[in-house]
Every structure is written in C-alpha cells, then in structure tokens.
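The block underneath contains the structure these notes are about, expressed in structure tokens.
The values are calculated or read from the model by the stated rules, or taken from the named source; none is laboratory data. Keep in mind that what you see is a predicted model, and the values were worked out from it rather than measured. Methodologically, a virtual Cβ is constructed for each residue, glycine included, from the backbone with ideal geometry; neighbour enumeration extends over all protein chains shown. Areas reflect the complete protein model, heavy atoms only, side chains present, ligands, DNA and RNA absent. Shrake-Rupley method; radii C 1.70, N 1.55, O 1.52, S 1.80 Å.
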Amino acid sequence: MAGTSSPTTVSTKLQRIATLAREDPDRVLTTLAHHIDVPFLREAYRRTRKDGAVGSDGQTAQSYAEDLETNLASLLHRFQAGTYYAPPVRRVYIPKEDGKASRPIGIPSFEDKVLQRAVALVLEAVYEQDFLACSYGFRPQRSAHQALDACWQQTMQMKGGWVIKIDIKSYFDTIPHPELRAILNQRVRDGVLRRTIDKWLKAGVLENGWVRRVRHTDTGVPQGSGVAPVLSNLFLHEVLDTWFEHVVKPRLKGAAALCRFADDATILCARESDAQRVMAVLPARFAKYGLTLHPDKTRVIRFTRPPYGDPPRRRRNIPTWPGSVDLLGFPLYWGKSQRGVWVVKRKTDSARLSRALKRINTWCREHRHAKLGWQHQHLVQKLHGHYGYYGKTGNSRCLDQFRRGVIRIWRTWLGRRSQRSELRWGRFTRLLKRYPLPQVKIVHSSLPT
C-alpha cells in the first residue's frame with residue numbers, strides 16, 4: 001500500500017472546522033468539502049470496520065484494500081465532481097430486545113462506509129460545538145455509562161421526583177427528510193456535502209435479493225450507516241434538547257433535567273405538576289417534526305424518595321411508592337444503602353440477564369465437544385464482556401447471578417458430552433480449580449475517588 005495515513009493532518013483539519021463553528025455559533029458554513037482529500041479518506045478508511053457485513057455490491061474490505069490508493073483517489077474525484085453514486089443499502093432484520101419484533105438494519109457497501117465515515121467526521125466537528133451536555137449517544141468521548149451516571153447524580157441531587165420516559169416509535173425509520181434538510185440548512189450548506197447526504201437518504205433498498213425501487217420516501221435514515229448517528233443526534237438536538245433547555249425549563253416552577261442517549265431520553269422533574277405539563281405538550285412537539293411517541297411506553301413515573309423506615313413487603317399495593325425507571329439496560333430504583341439511607345440503585349434488567357444466559361446456554365450446547373481449554377478461554381471473554389458493561393457499583397448481586405448461571409450451564413453441557421456418566425459437582429469443582437472463571441468485578445465505580 002503506497003503511502004500512509006495522516007491522522008495528525010486530519011486532526012488539524014477537524015480542529016480548524018471545530019474552532020470555526022465554535023467561534024460563531026450562528027454562522028452558516030458553506031465550504032467544508034474541500035477539507036476531505038485523499039489523506040482524509042485514508043484516515044476514514046482506517047476508522048472503518050473491516051470485518052463487517054458486505055453491502056449490496058458484495059465488495060469486502062480486503063478486496064478494496066488491494067488497490068487502496070487508486071480506489072480512494074477515484075472516490076474523492078467522484079465525490080467532489082458530484083458523480084458519486086450511492087448504491088442501494090442491503091437490509092437485514094435483527095430481533096429487538098423484547099423478542100416480539102425485529103429492527104431493520106441497513107448495510108452500505110464498503111466504499112460507501114468509507115465516504116460516510118469521512119462526512120460524519122466533518123459533521124461531528126461542526127455539531128459537537130452545538131450539542132448540549134445532556135446528550136450522550138454516539139458522540140466522541142461520551143458513553144452509555146456516563147449517561148447512567150449523569151441520570152443517577154441528577155436523581156440523587158434532586159432527591160427523586162417524577163420521571164418522563166420518552167419512547168419514539170421507529171425513530172430512525174420516520175425521520176422526515178424535509179425537516180432534516182431544514183435543520184441542516186441552519187448550519188451546513190456546503191453543496192457537495194448536502195448533495196451526497198441527499199443521495200444517501202434516497203438510496204434504494206436491497207431486500208431478499210431484489211432491489212425494491214423506493215419512491216424516494218421522505219422519511220428514514222438507514223440505521224447502521226456511518227452517517228446515521230450524527231444525523232439522528234442533530235435532529236433530536238433541535239426537536240428535544242434545545243427546546244427543553246431554552247423553552248420548557250425556564251417556564252417550570254421546580255428543578256428539571258434532561259438526559260438523552262440517542263433516541264432514549266428521560267426528563268426528571270422535581271414537581272409532579274411540571275412533569276404533567278411537559279407530558280401534555282410532548283406529543284405535539286414531536287408531531288410538529290413528523291415523529292410519534294409510543295402511547296404506552298411514554299409515561300410519567302413516580303420516582304420520589306420513599307419515606308423513612310423499613311420498606312413494606314408489598315410495595316406495589318402502595319400508590320405512593322416509587323416505581324423503577326429503565327435506562328440503557330439498567331432499572332433505576334430506590335433501595336437502602338449499607339448505612340440505612342435511601343439511595344438510587346442500579347441493577348441488570350431481568351430480561352437482559354435472562355437473554356444473556358440463554359445465549360450462553362446455546363453457545364455451550366453447540367460447543368460442548370470442543371476442548372476444555374478453548375471453551376474456558378471463550379467463557380472468560382464472555383464474562384469479562386458482561387462485567388465490562390453491567391459491572392457498576394451496586395450491581396454485584398446480578399453479576400454474581402450471571403456468573404453462577406454460566407457455571408451451572410457449563411457443567412450441564414459438559415455432562416452431556418458422553419452418555420456414560422454424569423459430571424458430578426465434586427469433579428466439576430476440581431475442574432473449575434484448573435479452569436477458573438473470573439470473579440465478579442465492578443468496572444464502573446460510582447464512588448468518589
């Protein structure tokens with residue numbers, strides 16, 4: 001491969017764009033595409049996942065890299081000349097967390113992924129200067145755990161309140177293109193960038209081996225494309241974030257806070273009257289931009305701090321007892337600390353824990369005849385991956401439940417490697433001493449350092 005990538009040069013260009021956008025928040029940027037050159041595309045190629053699924057043209061990352069410099073130069077020429085053709089997106093469906101429905105995922109071609117990554121870098125440099133602190137999803141140096149910690153800290157500082165759980169029906173598939181273009185016009189009017197973005201929005205869909213001629217629908221951003229996260233964040237930044245901070249919040253009588261990760265958002269209000277007022281205007285606000293809130297999942301949840309004393313046995317029979325708030329796989333609930341004080345705790349969602357153990361069971365069943373050392377290595381990786389996300393302060397019990405479930409499942413399927421004898425616990429305990437599974441580990445601590 002001739003030449004090397006220039007991350008330093010690309011970083012300098014992105015800093016220049018960010019400085020320009022930050023110094024004048026009201027400025028409309030009309031010349032951005034010239035920052036994208038061959039070194040910029042080379043850096044975008046470096047950041048593009050190489051082992052992902054192939055797009056509609058069947059081209060792999062390995063075949064594209066065989067003549068990388070020529071391919072990048074050709075891509076740059078077509079991008080700048082306006083002759084770039086956005087190939088149809090290959091659509092696949094993956095089951096949702098509830099297992100009752102499926103989520104459509106668009107898989108662009110590899111060359112499309114590279115160009116989308118480059119354009120997304122430019123757009124991020126611009127809009128990162130505008131995004132508010134309450135937004136966490138798909139942003140540099142921000143994660144789901146930061147969103148969880150922010151929501152936890154807000155709840156503890158306000159000593160609870162009323163939480164509005166916002167759920168948008170099929171958000172990525174219903175973003176209206178006219179409204180999205182209008183929001184982009186407020187900041188970015190570069191002709192080359194906007195023309196390329198429009199091509200991605202209007203690209204056809206390859207489904208079940210046939211190209212379905214889309215009548216250039218005016219809704220939807222392909223979920224799974226490289227440019228979808230920044231466009232979806234930008235849309236909700238205008239629809240929800242700035243509206244809540246600049247219009248709604250000054251009109252409330254009590255304290256309030258918004259926390260959003262992609263399209264998963266919660267609003268915490270100190271007063272019930274404020275929560276009901278916000279809830280009353282939310283559907284109209286989203287409908288103005290062509291979005292629909294789920295009528296059952298969008299609701300006001302009482303999350304006030306419980307009264308002093310021991311919790312009753314049957315909390316559901318008490319109308320004033322606080323409920324729980326599900327956020328990014330962690331139900332937030334009120335519980336007693338070791339000092340006997342009411343605090344907000346987090347634990348693994350029971351449905352997600354059950355699905356994780358089912359996947360472990362399927363994996364152990366399919367690989368029960370593999371070598372023990374190989375099985376042990378992969379189970380250790382799976383446990384570390386589980387601890388890496390769910391290993392938060394106060395969640396040790398659910399982590400231990402997952403570990404004990406993995407041990408039980410592993411013993412079950414090792415005992416079915418042969419019909420001669422059962423693997424008893426005594427022998428399996430000796431096996432665990434040779435192949436120990438990692439103990440519970442809190443990776444994300446909420447305690448002050």
Looking only at the range 324-335, filter to residues that are open to solvent by less than 40 Å² (accessible area, probe 1.4 Å) and within 22 Å of Lys297 (Cβ to Cβ); which one of those is nearest to the chain's Cα centre (by Cα)?
Leu328
Is there any pair linking a residue in the range 434-445 that is in contact (Cβ under 8 Å) with a residue 12 or more places away in the chain and assigned to a loop (DSSP other than H, G, I, E, B) to one that is open to solvent by less than 70 Å² (accessible area, probe 1.4 Å) and small (Gly, Ala, Ser), with Cβ under 6 Å and at least six apart or on different chains, and which?
Val440/Ser396; Lys441/Gly391; Ile442/Gly391; Val443/Gly388; Val443/Gly391
Could you tell me whether any residue of the range 360-367 is touching a helix residue (DSSP H, G or I) at 6+ places or on another chain (Cβ under 8 Å), on the phi < 0 side of the Ramachandran plot and of a type in the set (S, T, N, Q)?
yes
Does any residue of the range 206-223 turn out to be in a helix (DSSP H, G or I) and in contact (Cβ under 8 Å) with a residue 24 or more places away in the chain?
no
Look through the range 73-124, keep the residues that are assigned to a helix (DSSP H, G or I) and among the acidic types (Asp, Glu), and return whichever of them is farthest from Gly58 (Cα to Cα).
Glu124
Taking the conditions exactly as written (surrounded by fewer than 16 Cβ atoms within 10 Å (Cβ to Cβ), touching a Phe, Trp or Tyr at 6+ places or on another chain (Cβ under 6 Å) and modelled with pLDDT of 90 or more), does Lys433 satisfy them or not?
no
For Phe40, the lone unmet condition from (1) in contact (Cβ under 8 Å) with a residue 24 or more places away in the chain; (2) within 15 Å of Phe110 (Cα to Cα); (3) not aliphatic (A, V, I, L, M) is (2)
Taking the range 336-377 and keeping residues open to solvent by 50 Å² or more (accessible area, probe 1.4 Å), assigned to a helix (DSSP H, G or I) and touching a Gly at 6+ places or on another chain (Cβ under 7 Å) leaves Arg352
Flag for Leu258 being open to solvent by less than 20 Å² (accessible area, probe 1.4 Å), out of contact with any His (no Cβ under 8 Å at 6 or more places or on another chain) and within 22 Å of Ser232 (Cα to Cα)
yes
Subset of the range 125-163 [assigned to a helix (DSSP H, G or I) and open to solvent by 50 Å² or more (accessible area, probe 1.4 Å)]:
Gln146, Trp152, Gln153, Met156, Gln157
Conditions (1) within 21 Å of Pro95 (Cα to Cα); (2) of a type in the set (A, V, I, L, M, F, W, C); (3) out of contact with any strand residue (DSSP E or B) (no Cβ under 8 Å at 6 or more places or on another chain); (4) at pLDDT below 95: number failed by Trp363:
(4)
Would you check if Ala284 is touching a Cys at 6+ places or on another chain (Cβ under 6 Å) and in a helix (DSSP H, G or I)?
no
Only one of (1) surrounded by 18 or more Cβ atoms within 10 Å (Cβ to Cβ); (2) in contact with a Lys or Arg (Cβ under 7 Å, 6 or more places away or on another chain) fails for Lys253. Which number is that?
(1)
Considering (1) more than 15 Å from Pro108 (Cα to Cα); (2) among the small types (Gly, Ala, Ser); (3) exposed (fewer than 15 other Cβ atoms within 10 Å of the Cβ), say which one Gly52 fails and leave the rest.
(1)
Which one of these is open to solvent by 10 Å² or more (accessible area, probe 1.4 Å) and modelled with pLDDT under 95: Val247, Val281, Val211?
Val211
Selection from the range 378-406 of residues β-branched (Val, Ile, Thr) and surrounded by fewer than 17 Cβ atoms within 10 Å (Cβ to Cβ) yields Val380, Thr393
